[in-house]
Amino acid sequence: MKRIGILTSGGDCQALNAAMRGVIKCLFVSGEKVEIYGFMDGYKGLIYGNFRMLTGKDFSGVLTIGGTILGTSRTPFKTIREPDENGLDKVEAMKQNYHKLRLDCLVILGGNGTHKTAHLLSKEGLNIITLPKTIDNDLWGTDMTFGFQSAVDIATHAIDCIHTTAASHGRVFIVEVMGHKVGFLTLNAGIASGADIILIPEIPYNIDKIIEAIKGRNARGSRFTILAVAEGAISKEDAALSKKEYKEKLKNCPYPSISYEVADQIKQRGGYDVRVTVPGHTQRGGSPCPYDRVFASRLGSEAGQLILDGEYGFMVGYRNREVVRVPLEDVAGKLKMVSPEANIVKEAKMLGISFGD
């Protein structure tokens, strides 16, 4: 009998349920007798012992359902060693609950912060296996994360819908895409939807270059321009500030987000009629796309096989079109970012897309 714990932590995304289903189906199909303990609302459930027993029925029909049947929450890694408001040692509490249930393994689905805590628990002696979820696709050690392709589809559709109204009114439209630190989502959705200008955190922009690109389109007879802007996009001037100075600027910023600042600058300097659309959390919601259903199922089944093999301390990743086992120590604390010199950026520029640089 194997006793397996499972939790989903951090921001939700599509295909979390599909990935968990993959783990459980692999274990059940193998004939191994298992007990599954689902911890509710991420690491909080593990800290405070909030869990429920799961059976195969819990994972029936969840392949197409977004979100997570276990619930999720954010438990910042930077405060994980700090006692809670009642003085509880969170790390010790997680270890104690793991051992109280006599777990053989804990399966954790999450992004960057989640993997830092997972690695910490692994170093503390717990048997840990992780699965890479995030719409940002910014986890080190894997070419792809589940949730990313579904989010690309939604962001692309949002920009597609803007095309008709932008063309009808001859306006500049900005569509703000999720991604505070990394621009993979904006980059892919921007190319897929035919955006004219793409702004991502890794390539600081010059507002004059953006206006120049808009003027160039007008001179060529285009009535409209569409910008795909990552929520973490940054100007060259702001990129030159220290971290402290930039945080101070954001505190006093009159704009709700970077897109509105860019829109105002385009209006003031270029005299254009500009509108901003923010799809927001729709990008994390809804049913996973077919790609993510297949992808998450593959990763989940490999996690199940790791459990059967008794191999722990790994994230199940994806490299060169193959599912691989990546040591947690190679993943935790590392951020995968878009290289300004990446082929996809060069190819986008060859298509005439401006990055404002």
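A cut-off of 5 Å between modelled amide H atoms, ignoring neighbours fewer than 5 places along the same chain, links Leu199 with Ala228, Val229, Ala230. Please compute P(r) over all alpha-carbon pairs of the stretch 132-238, binned at 5 Å starting from zero, and give each bin as a whole-number percent. P(r) over the stretch 132-238, rounded to whole percents: 2, 13, 21, 22, 19, 12, 6, 3, 1, 0. Centre-to-centre, using Cα atoms only, the stretch 312-348 and the stretch 64-133 are separated by 22 Å.
Would you mind checking Lys116/Lys236; Lys236/Lys349; Lys78/Lys247; Lys116/Lys247; Lys25/Lys90 for any pair whose Cα atoms are more than 28 angstrom apart? Don't skip to the end; give the middle numbers.
Details: Lys116/Lys236 31 Å; Lys236/Lys349 19 Å; Lys78/Lys247 18 Å; Lys116/Lys247 24 Å; Lys25/Lys90 31 Å.
Those over the limit are Lys116/Lys236; Lys25/Lys90.
So which of Lys243/Lys336; Lys44/Lys251; Lys133/Lys251; Lys181/Lys243; Lys181/Lys244 end up more than 25 Å apart by C-alpha? From Lys243/Lys336; Lys44/Lys251; Lys133/Lys251; Lys181/Lys243; Lys181/Lys244, over 25 Å: Lys44/Lys251; Lys133/Lys251. Pairwise over distinct Cα atoms, reciprocal of the mean inverse distance: report the Kirkwood radius of the stretch 258-308 in Å, one decimal place. Evaluated on the stretch 258-308, it is 14.8 Å.
Show me the three semi-axes of the equivalent ellipsoid for the stretch 1-136, from the C-alpha gyration tensor (sqrt of 5 times each eigenvalue), largest first, rounded to whole Å.
Numbers: eigenvalues 108, 62, 31 Å².
Rounded to whole Å, the semi-axes are 23, 18, 12.
Using helices alone, what [θ] at 222 nm do you get for the chain, with -39,500 (n - 2.57) per DSSP H run of 4 or more residues, divided over all residues and rounded to the nearest 500? Display every interim value, and only then the final one.
Numbers: 12 runs with 142 residues, N = 357.
Per the formula, -12500 deg cm²/dmol.
Its Cα centre serving as origin, the stretch 269-319 has a Cβ charge dipole (Lys and Arg +1, Asp and Glu -1) of approximately 360 debye. In plain terms, if you count all Cα to Cα distances in the stretch 229-292 and split them into 5 Å steps from zero, the share in each step is 3, 13, 19, 20, 15, 12, 7, 7, 2 percent.
Kirkwood radius and radius of gyration were both taken over the C-alpha atoms of the stretch 289-357, and their ratio Rg/Rh is 1.14. Around the Cα centre of the chain, unit charges on the Cβ atoms of Lys, Arg, Asp and Glu (plus for the first two, minus for the last two) sum to a dipole of about 240 debye.
When ranked by the protection proxy of mean other Cβ atoms within 10 Å per residue, highest first, what sequence do the peptides 245-251, 23-29, 320-326 form? Don't jump to the answer; show the numbers that get you there.
Details: 245-251: 11.0, 23-29: 20.1, 320-326: 12.7.
Output ranking for 245-251, 23-29, 320-326: 23-29, 320-326, 245-251.
With all projection directions averaged, the alpha carbon convex hull of the chain covers 18.8 nm².
Values quoted throughout were computed directly from the atomic coordinates according to the rules given, and no laboratory measurement underlies them. Small disclaimer: the values here were computed from a predicted structure and weren't measured. Quick reminder, even Gly has a Cβ in these numbers, built from the backbone with ideal geometry, and neighbours come from all protein chains shown.
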